[in-house]
1. Could you go through segment A:50-60 and let me know if any residue there is under 14 Å from the mean Cα position of the chain (by Cα), touching a residue at least 24 places away in the same chain (Cβ under 8 Å) and at negative phi.
2. Of all residues in segment B:295-314, count the ones that are touching a helix residue (DSSP H, G or I) at 6+ places or on another chain (Cβ under 7 Å) and more than 7 Å from ligand 2 (Cβ to nearest atom).
3. Which condition number does B:Asn335 fail, the rest of (1) modelled with pLDDT under 95; (2) more than 9 Å from ligand 2 (Cβ to nearest atom); (3) more than 10 Å from every other protein chain (Cβ to nearest Cβ) being met?
4. Give the residues of segment A:53-105 that are more than 15 Å from ligand 1 (Cβ to nearest atom) and of a type in the set (A, V, I, L, M), sorted by residue number.
5. Just checking, how many residues over segment B:280-321 are more than 10 Å from every other protein chain (Cβ to nearest Cβ) and either free of Cβ contacts under 8 Å to residues at least 60 places away in the same chain or in a helix (DSSP H, G or I) (or both)?
6. Restricting segment A:162-214 to residues that are in contact with a helix residue (DSSP H, G or I) (Cβ under 6 Å, 6 or more places away or on another chain) and hydrophobic (A, V, I, L, M, F, W, C), which is nearest to A:Thr92 (Cα to Cα)?
7. Grab the helices (runs of 4 or more DSSP H) fully contained in segment A:123-220, keeping just those with 3 or more residues being more than 19 Å from B:Gly101 (Cβ to Cβ).
8. Check A:Ile77 against each of (1) under 15 Å from the mean Cα position of the chain (by Cα); (2) surrounded by fewer than 24 Cβ atoms within 10 Å (Cβ to Cβ); (3) not acidic (Asp, Glu) and name the one condition it does not meet.
Amino acid sequence: MDKKLKIVVLAKQVPDTRNVGKDAMKEDGTVNRAALPAIFNPEDMNALEQALRIKDLIPGTEIQLLTMGPGRAADVIREGMFRGADGGILLTDRKFAGADTLATSYALAQAIKKINPDLIIAGRQAIDGDTAQVGPQVAEKLDLPQITYAEEVLGLENGRITIRRRLERGVEVVASPLPVLVTVTASAAPCRPRNAKQLMKYKHARTLSEDQQAEPNTYAVALDQREYLRIPEWGYAEIGGEENGYGLAGSPTKVKKIENIILQAKESKVLSGSDEDINGLIQELIASHTIG
Amino acid sequence: MNNIIVYCETDNGKLCDVSLELMTKARDLAAALSCDIEALLIGHNVKSLADELYQYGAKVVHLADDPKLEFFRTLPYAAITIALFRQEQPQIALFGATSVGRDLAPRVSSALHSGLTADCTCLEIGDHKDKEKEYKNLLYQIRPAFGGNIIATIVNPECRPQMATVREGVMKKEALATPVAGSIQPIEVNNILKDTDLAVEIIERHIEERKIDIKGAQIIVAGGFGVGSKENFQLLFDLAKVLGGEVGASRAAVDAGFIDHARQIGQTGVTVRPKLFISCGISGQIQHTAGMDQSAMIISINNDPDAPIHKIADYAIVGDLNEIIPKMIKSYKQNSK
Ligand SMILES: Cc1cc2nc3c(=O)[nH]c(=O)nc-3n(C[C@H](O)[C@H](O)[C@H](O)COP(=O)(O)OP(=O)(O)OC[C@H]3O[C@@H](n4cnc5c(N)ncnc54)[C@H](O)[C@@H]3O)c2cc1C
Ligand SMILES: Cc1cc2nc3c(=O)[nH]c(=O)nc-3n(C[C@H](O)[C@H](O)[C@H](O)COP(=O)(O)OP(=O)(O)OC[C@H]3O[C@@H](n4cnc5c(N)ncnc54)[C@H](O)[C@@H]3O)c2cc1C
């Protein structure tokens, strides 16, 4: 087996867009985005599991989660620690807001350079932005090879990793030298549950901002003594780089317009099979972008 | 210079449908912009495919043909694409949203710092104004996001090329009546590739039959016992194909041997919650509806006005599916762009 590794897992906090039940719907039939719970992006869980398996094989391997988002995204880091990660970093700064995938990748890549890992594992795709672009873009910014749609790490020897990838119509086994960036797909093994010991250990892990916002309590004292309970927050000051590479300024794509999809007709409409009825229905579906 | 370049993907020695669909779309865009269409073809022994690309309007086929390029690998393909875009400065570059396109395009966009929009369902040319400036003839890249709950129009005002990916089956594919007089421009592969570009090695490849995945489908056309026969299910496949969806079924249809069990929806099948569920000849028993009643929109087609499926539908069509499905296909073809 190989020497112990340092692994960074990229994880994003996302609104749970996959479970838009009729309860998360507004009067007008559109989704109430604010009503969706914030969750650990599903494929990032698959990514974490692959990292944990490597740690099982190569004891002493260190797993750090890296997430960019607002203060509450620290939940993602805690969740990862409960499942076996060793810690994590919250990338957060007003300058990073409004980023498209390129500006997001730039921030993540700058932070990764500072951590200097042997392996970076991301999810294939986030369920809100839905682009699957961040992984390959981070790899390019770090000048590293990339292996997308990974389903399983098959081997890790002599500084080379062997991975099975899932393609639309089959599988491919590839090998790459380390360091490399891997994106993991949903057909990979699900993540193991929280571990009771880890949960006890990291229950009170906090960022400094969370502590400052919280009511004064006894944990503050304990925290001073236990460094591992401090989740670091990095901003522009910590990761440096070109200021206008971040956030809105660093984003070549601009959102010109957003339309909410009307998901639900207000009541059941009964139609006949006449040409007019069918034509009317199809035109409505196209106009609302339900089809087309 | 400043033309449209379509990355043309191959599969087993043939051009992929998605690439020809993009070529077809590129003709509309090129007409609006008064520019030409060029194709980028990377692979091994793929030269003969250029003729087919002329039939779709390619004035120039940039060809990178080398044994090292037989199968897609990110680094060499990206190096070639980046070098070509730097040289040719296209204003627009289109890729299929396939496992290849979605691996390659983001890498290229990062190297060129040009914006990339994923999974567009519509591409148009239009103007744009922001606080500082007015822009003429930008590519409107229209795409669903947020799990299909919103549609965003994205533009790329300053950086070039404007890059987009599009899924297979979203755009129409249509060859020209008379091919354009195009030509091949070979790319000097060995001048571009470095040893490090070949670091990732393919050890094994197995290409399988397409797996049925109705769970991931945004649109499902499901048939029941009322479809009547295996042959008649073709109607549903036709509708699903034009809408870009998948076909599902009730247990009665599966039990009758009309269709594969992998497509069964309900308590003893899969649970789905697509954006649109079109139910055809299904009565709507609870064991079935348990697997689909959370769909965002339901259209039911059943000739029995009292069928329970009509009660949970947003649109209930009372009539014969054999007449209604062909009408839907026809109407969709007339109304979609
Ligand atoms: C409606 C809408 C449409 C959009 N369309 C586009 C578009 O077409 N092009 C574009 O460039 N931008 C687009 N964006 C912006 C984009 O969603 C954000 O840049 C987002 O930060 C990253 O993209 P994603 O969610 O698609 O992530 P993906 O690229 O799908 O994420 C892949 C993986 O990268 C990692 N990752 C992604 N984000 C983070 C993060 N913040 N922290 C840690 N790890 C992360 C995770 O491992 C994740 O699984 C759009 C945004 C909206 C709201
Ligand atoms: C334990 C258990 C588990 C089950 N699990 C499942 C499950 O997972 N999934 C599932 O689907 N079922 C399941 N069932 C079976 C379920 O109860 C129903 O029997 C089944 O769903 C009926 O299928 P159907 O609606 O296609 O057939 P039918 O009930 O026979 O309905 C056919 C419908 O087609 C209509 N029709 C006929 N001709 C036409 C036409 N030309 N045009 C339009 N409409 C027409 C009729 O009006 C009728 O409503 C389960 C049952 C049990 C007991």
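1. Residues of segment A:50-60 under 14 Å from the mean Cα position of the chain (by Cα): none.
No - not one qualifying residue is present in segment A:50-60.
2. Here the count works out to 3.
3. It is condition (3) that B:Asn335 fails.
4. Within segment A:53-105, A:Ile54, A:Leu57, A:Ile58, A:Met81 qualify.
5. Total meeting the criteria: 16.
6. Per the criteria, the residue is A:Ala205.
7. Result: A:196-202, A:208-213.
8. The single condition A:Ile77 does not satisfy is (2).
The values are calculated or read from the model by the stated rules, or taken from the named source; none is laboratory data. Being a predicted model, the structure only gives us computed values, none of them experimental. No Cβ is skipped: glycine too gets one built from the backbone with ideal geometry, and neighbour counts run over all protein chains shown.
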